[in-house]
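The values are calculated or read from the model by the stated rules, or taken from the named source; none is laboratory data. In this text the structure is predicted, and so the values were computed from the model without any measurement. Note that each Cβ is placed from the backbone with ideal geometry, even for glycine, and that neighbours are counted across all protein chains shown.
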Amino acid sequence: MKLLLLLPDLINAPHSGIPTVGRQALREIERRAAEARVPLEIEVWALHDREATADDLARTLGLIAPPRRYRTFAGSRAAMLAAAATTRARADLVFTTHIALGPVARLLKGPRTRLVQFIHGIECWRRLPVHHRVGLAATDALLSNSAFTLARFIDYNPAVRRIPSRVCWLGAPADRATTEAPSRAENKGLSALIVGRMCGEERYKGHEELIAVWSQVRRACPEARLDVVGDGNARRALEVQAERLGLVGSGAVRFWGRVSDAELRARYEAASVFAMPSRGEGFGLVYLEAMAFGLPCVASLDDAAREVIAGGETGLLVRYGDREALARALIDLFTDEDKRARLGRAGRERMQAHFTEEHFGARLWAALGDFAPSLRAAGAA
């Protein structure tokens, strides 16, 4: 059984969401194939990774063994397409973790090859360009990180209704899922944390909303801080917004920029609440990360957060743009320590029960087996 895995990145984007999903997928497919005694030969192509060996990949990702082949293209789509056009070996299953790799996958698809593509969110919430539709036309099945992502994708591209599809919720990275929740009693002061890119093309995550309500939050909770982790070309505009409201000089809003993994852990451990009232999360791995640290989450009803966060049980959900409701939710959690603790514990329990890397792996392996029967047949042989 030959599997060809096409991904945007594996090694060179350690903290981004889609590469994280790709790493988890490769680890889990390899592990579950070994457990099921499926003789699986894996080849990996990574568009943006720079030159590295299969041994490098196995070591970095913690694989059981190096893949049979690992090809990198340093960001050159032309080189990847050319390689696909001249490759003769045909896989039994081609699996992509980004819809933009569909045209490459189509070139690699043989008469008996099954093509499965995974969709995530903003990359597919639009009318797909022609070259992406070319790849989609050869697709045998779609996997989606959430029901929200799948429904929105179909809204923009009604023709994909003909393609069999399944929701495959993601899981927290293994190192996060096993994190010990800190004792909040040791923390001094109240703080909300938001972690995410601040890019002009992604100004939907809720940074502006949080900054806009922070003066109101401070009137009820004078010591409350907002900690902003992340970077991007919209950071300066957000800093200016906070400065004009007098929130930076007072220390009410703190911009940390891009931080190390150790510093990120420290920020989670120091926080009282995680707040990202976004309107554009296809899933929201960062919510799982916060839940792993025992934090109640404030998110929106307008994206996939409602599939991850149980409103009123593990966090509070508000409409994006309803600043009064956002301020009330934050004040509610800041002024009720017992509620914060209860929702935080429930969130951690929900993550451990449904949203670990192992849970994701089980969902992924089951879906691939259903859509590519030869995978199961190889194990039964």
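Within segment 297-314, how many residues turn out to be farther than 20 Å from residue 211 by Cβ and buried (at least 20 other Cβ atoms within 10 Å of the Cβ)? Outline the logic, then answer.
First, the residues of segment 297-314 that are farther than 20 Å from residue 211 by Cβ: 301, 304, 306-314.
Next, from what is left, pick out any that are buried (at least 20 other Cβ atoms within 10 Å of the Cβ): 304, 308-309, 314.
Number of matching residues: 4.
Mind listing just one residue for me: the one in segment 247-259 that is over 22 Å from the mean Cα position of the chain (by Cα) and in contact (Cβ under 8 Å) with a residue 12 or more places away in the chain and, of those, surrounded by the most Cβ atoms within 10 Å (Cβ to Cβ)?
Going through the qualifying residues, I end up with 253.
Taking the options 343, 330, 364, name whichever one is crowded, with 19+ Cβ neighbours inside 10 Å and within 25 Å of residue 115 (Cβ to Cβ). Spell out how you get there, then give the answer.
Numbers: 343 fails: within 25 Å of residue 115 (Cβ to Cβ); 330 fails: within 25 Å of residue 115 (Cβ to Cβ).
After applying the criteria, what remains is 364.
Exactly one condition in (1) touching a helix residue (DSSP H, G or I) at 6+ places or on another chain (Cβ under 7 Å); (2) on the phi < 0 side of the Ramachandran plot; (3) surrounded by fewer than 19 Cβ atoms within 10 Å (Cβ to Cβ); (4) in contact (Cβ under 8 Å) with a residue 40 or more places away in the chain is not met by residue 41; state its number.
Among (1) touching a helix residue (DSSP H, G or I) at 6+ places or on another chain (Cβ under 7 Å); (2) on the phi < 0 side of the Ramachandran plot; (3) surrounded by fewer than 19 Cβ atoms within 10 Å (Cβ to Cβ); (4) in contact (Cβ under 8 Å) with a residue 40 or more places away in the chain, residue 41 violates only (1).
Out of the residues in segment 56-108 meeting the condition of being of a type in the set (Lys, Arg) and touching a strand residue (DSSP E or B) at 6+ places or on another chain (Cβ under 6 Å), tell me which one is surrounded by the most Cβ atoms within 10 Å (Cβ to Cβ). Outline the logic, then answer.
Looking only at segment 56-108, we keep the residues that are of a type in the set (Lys, Arg), and these are 59, 68-69, 71, 77, 88, 90, 106.
Checking which are touching a strand residue (DSSP E or B) at 6+ places or on another chain (Cβ under 6 Å) leaves us with 68-69, 71.
Numbers: 68: 14, 69: 13, 71: 19.
Per the stated criteria, the residue is 71.
Can you tell me how many residues in segment 210-225 are surrounded by 21 or more Cβ atoms within 10 Å (Cβ to Cβ) and touching a Gly at 6+ places or on another chain (Cβ under 7 Å)?
Within segment 210-225, residues that are surrounded by 21 or more Cβ atoms within 10 Å (Cβ to Cβ) and touching a Gly at 6+ places or on another chain (Cβ under 7 Å) number 1.
Against the definition (more than 27 Å from residue 286 (Cα to Cα), at pLDDT 95 or above, in contact with a strand residue (DSSP E or B) (Cβ under 7 Å, 6 or more places away or on another chain) and acidic (Asp, Glu)), how does residue 30 come out, yes or no? Show your work before the answer.
Working: more than 27 Å from residue 286 (Cα to Cα): no; at pLDDT 95 or above: yes; in contact with a strand residue (DSSP E or B) (Cβ under 7 Å, 6 or more places away or on another chain): yes; acidic (Asp, Glu): yes.
Against the criterion (more than 27 Å from residue 286 (Cα to Cα), at pLDDT 95 or above, in contact with a strand residue (DSSP E or B) (Cβ under 7 Å, 6 or more places away or on another chain) and acidic (Asp, Glu)), residue 30 does not qualify.
Across segment 189-209, what is the total count of residues that are surrounded by fewer than 16 Cβ atoms within 10 Å (Cβ to Cβ) and under 16 Å from residue 331 (Cβ atoms)?
Number satisfying all stated conditions: 1.
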